[in-house]
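*Asks:* Shown below is the structure under consideration.
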Amino acid sequence: MLIRAFVLPAIAATALFSASAHAALDANQTFQQFNAVVLGNIDSTSHLHGRAWVGGNVTGGEYVHRPLPASDYAGLTVQGNIANAKVLAQGAVINGNSANTNVNGGSTAILGNAANGHLNGPAYVAGTTSNINFNGGQLATPNSQLNTNIAAASSTDFYSVLSNASDSLKSLDDNSSVAWTSQKATFTATADSTGLAVFNLSDADALAIFGLGEFDFILNGATTVVINSGLKDIDISANFLGGSAQQIAGNVIWNFYNAETVDLGRQFGGSILAVDATLTNWADIEGNVYVNNLVQRGQIHQYAFTGDIPVTAVPEPSSYAMFLLGLGLLGFAARRRA
């Protein structure tokens, strides 16, 4: 009986370690599952087509216009409050209050108060309700889907994951080149054996290139393309030639690792990684966004990320401790058995 008493906690400890490591997403999983991760607030007058996680508040906007990749996360997760918004599918988890907001499909959990709106799928509201139409039924406790969504909502430290990814990408060696004239910049990729192409732009080159009117891309079979820039204030209104905004949407990452503001005046292609920046888009983005704050004035279209971010995930210290605890208990049980 002593052996069993020590072995079961050890197995439980290692199982908990595995579950915790699985629950926290890495950079590639984040890019694959989310159309947007906004660490602060969203102020939107437009549509964000895919899954979104928001660390602050959401004001306005429509969310989840397209089928989503598999995930434990709801279609929209908001850690703060939400107002004057609409979620079309895949449900929502709102940790704060909801006002004048509708969820047309999927299960919804509002952990604060809810006022003025309709919830068309099964819905749980922990706080008070006022003028809420529970068209899909009001739940006394969260259902199994919501329990999964709620647990996922805080399982990943997105700032750490994305900051680590940005730091790793900016340290990559340059292997590709940009040529430009007075009007057009041409990005010509040279992929390494893994399909990775890297453009490291100096501040002077980035200032010149980002101010041009046309961008052209020759990827030469590169499957992951990283464009690094250390500028603090980025303003791009280039025309992506030949439909290239859509063509590069799934495998190009613009890593604006020092940016504080990113302003996009025309249709833009590729994922934007700028964890300390406020992004303002005045036209559509073909790709995903991972930023501090989002002022959305054009649509953000979901594209499955097909590249491979070269970042090594490091387990959190707590996970290491649990893993070592499990190993230690297993070793102790083995000694008792002997």
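Every number here is computed from the coordinates shown, using simple stated rules; none is lab data. All of these numbers come straight from a predicted model, not from anything done at the bench. Every residue, glycine among them, receives a Cβ derived from its backbone with ideal geometry; neighbour counts consider all protein chains shown.
*Asks:* Would you please give the FRET efficiency between A204 and T59, computed as 1/(1 + (r/R0)^6) with r the Cβ-Cβ distance and R0 = 51 Å, to the nearest 0.05?
*Replies:* With a Förster radius of 51 Å, E is 0.85.
*Asks:* Calculate how many DSSP beta bridges within the chain are antiparallel, expressed in % of all such bridges and rounded to the nearest 5.
*Replies:* Expressed as a percentage, antiparallel bridges in the chain total about 5.
*Asks:* If you take the beta carbon distance between N84 and D263 as r and set R0 to 25 Å, what does 1/(1 + (r/R0)^6) give as a FRET efficiency, to the nearest 0.05?
*Replies:* The value I calculate is 0.60.
*Asks:* Please determine, in degrees from 0 to 90 and to the nearest 10, the orientation of helix 2-23 with respect to the longest principal axis defined by the Cα atoms of the chain, where the helix direction is its Cα long axis.
*Replies:* In the chain, helix 2-23 runs at an angle near 30 degrees to the longest axis.
*Asks:* Given the DSSP H assignment, sum -39500 (n - 2.57) over each helix run of at least 4 residues in the chain and divide by its residue total; what's the result at 222 nm in deg cm²/dmol, nearest 500?
*Replies:* -8000 deg cm²/dmol
*Asks:* Once fully extended, how much extra length lies between S182 and Q145, figured as 0.36 nm per residue of separation less the alpha-carbon to alpha-carbon distance?
*Replies:* So the chain would gain 7.9 nm between S182 and Q145.
*Asks:* Return a whole-number percent for the relative contact order of the stretch 25-154, with Cα pairs under 8 Å and 6 or more residues apart as the contact set.
*Replies:* This gives 15 percent for the stretch 25-154.
*Asks:* If you don't mind, there's one more thing I want to ask. State the extension gain, in nm to one decimal, for the chain segment bounded by N116 and Q247, taking 0.36 nm per residue of separation less the distance between their alpha-carbons.
*Replies:* Value of the extension gain: 43.1 nm.
*Asks:* At a Förster distance of 25 Å, what's the computed FRET efficiency of A70 paired with S160, Cβ-Cβ distance as r, to 0.05?
*Replies:* 0.60
*Asks:* Ranking Y257, Y159 by Cβ neighbours within 10 Å, fewest first, what do you get?
*Replies:* With the fewest neighbours first, Y257, Y159 line up as Y159, Y257.
*Asks:* Helix 158-170: angle to the longest alpha-carbon principal axis of the chain, degrees 0 to 90, nearest 10?
*Replies:* 40 degrees
*Asks:* Say each of N131 and E214 gets a label point 7 Å from the Cα, pointing the same way as Cα to Cβ; how far apart are those two points in nm?
*Replies:* Here the modelled spin labels are 5.3 nm apart.
*Asks:* Answer with a single label: of (i) 0.93; (ii) 0.97; (iii) 1.05, which was calculated as Rg/Rh (Cα atoms, Kirkwood Rh) from the structure in view?
*Replies:* Correct label is (iii).
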